[in-house]
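S.K.: Pasting a structure below so you can have a look.
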């Protein structure tokens, strides 16, 4: 979508909300979604899109059946389309058609088609999720994992450390699959964190923040302590 449109939306949202969130040292779910994230919400599930996702772009052949249509946009109507409204979006214009992504559950991935471009949205928060697999449908699909200390933009200038041993990659994915899913927590700005990128077998990626102290993968998935030990071994920490 045009950069000017995104910038105008961000200006409209207002720096005051972001400043208030930073002042208390942690982002609430609503403040974070309302100020920073390119999100869509359907059936109570929040999906987000990272502009810096390193995997390949989706193509027409990746699209499954039409899933839904964006009914309102936060950028178009601040009052009538706040964060959390079903069929609402942050930046996508109302009327944007959403599609399933072949090979993935719609509770995990959706694709938006707008002006002949395709945008990948991946689940961030699902209040109905009881297990991690209800949120992240990646079991048996991961061919590579990279890790960086920090998160964008601070992590952007650091070379990723690939998880080279297949047994370690399999262990990390298994720990996610066996993790518990709950309500995402607020995190202090200085809390240690890592940026994980999962390279899937179809060439696309899933990038998520992992919070060291709470052992939480972004979205409210809590994993075992061995998860931290494996990734820190590759970072040399």
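Any read-out appearing in this document is the output of simple, stated calculations on the displayed coordinates, not a laboratory observation. Worth saying up front: this structure is predicted, and the values here are computed from it rather than measured. Here the Cβ positions follow ideal geometry from the backbone for every residue, glycine too, while neighbour counts run over all protein chains shown.
S.K.: Say each of residue 235 and residue 174 gets a label point 7 Å from the Cα, pointing the same way as Cα to Cβ; how far apart are those two points in nm?
M.R.: Label at residue 235, label at residue 174, 2.3 nm between them.
S.K.: Right, here's the next one. What shape does the stretch 67-126 have by the C-alpha gyration tensor, where a ≥ b ≥ c are the square roots of the eigenvalues, rounded means a/c under 1.5, and otherwise prolate means a/b greater than b/c and oblate the rest?
M.R.: The shape class here is oblate.
S.K.: I need the calculated FRET efficiency for the pair residue 71 and residue 158, taking r as the beta carbon distance and R₀ as 45 Å, to the nearest 0.05. Could you put the intermediate results ahead of the total?
M.R.: Working: r = 40 Å, r/R0 = 0.88.
Using R0 = 45 Å, I get an efficiency of 0.70.
S.K.: I would also like to ask the following. Shape verdict for the stretch 129-237, please, from the Cα gyration tensor: rounded (a/c under 1.5), prolate (a/b greater than b/c) or oblate.
M.R.: rounded
S.K.: Mind giving me the nanometre distance, one decimal, between the label points for residue 118 and residue 105, set 7 Å out from Cα along Cα→Cβ?
M.R.: 2.2 nm
S.K.: Under 8 Å for C-alpha pairs, at least 6 residues apart: give me the relative contact order for the stretch 157-237, rounded to a whole percent.
M.R.: Values: 91 pairs, mean separation 26.3, N = 81.
Averaging sequence separation for qualifying contacts and normalising by length gives 32 percent for the stretch 157-237.
S.K.: Still on this structure, I have one more. Which distance in nm do the two modelled labels at residue 53 and residue 214 give, with both placed 7 Å along the Cα-to-Cβ direction?
M.R.: Those two pseudo-labels are separated by 2.4 nm.
S.K.: Explain nothing, just the number: relative contact order of the stretch 140-191, from Cα pairs under 8 Å at least 6 residues apart, as a whole percent.
M.R.: 29 percent
S.K.: Applying a 10 Å radius around every beta-carbon, put 225-232, 38-45 in order of their mean neighbour count, most first.
M.R.: Ranking the peptides 225-232, 38-45 by packing returns 38-45, 225-232.
S.K.: Counting only C-alpha contacts under 8 Å and six or more residues apart, can you give the relative contact order of the stretch 105-185 as a whole percent?
M.R.: Working: 85 pairs, mean separation 25.3, N = 81.
Relative contact order comes out at 31 percent.
S.K.: Distance from a point 7 Å along Cα→Cβ of residue 189 to each backbone N in the stretch 206-224: keep the residues under 17 Å and list them by number.
M.R.: Residues passing the 17 Å test: none.
S.K.: At q = 0.11, 0.17, 0.19, 0.22 Å⁻¹, work out log10 I(q)/I(0) for the stretch 51-191 with the Debye formula, treating every Cα as an identical point scatterer and leaving solvent out; two decimals please.
M.R.: -0.54, -1.26, -1.41, -1.44
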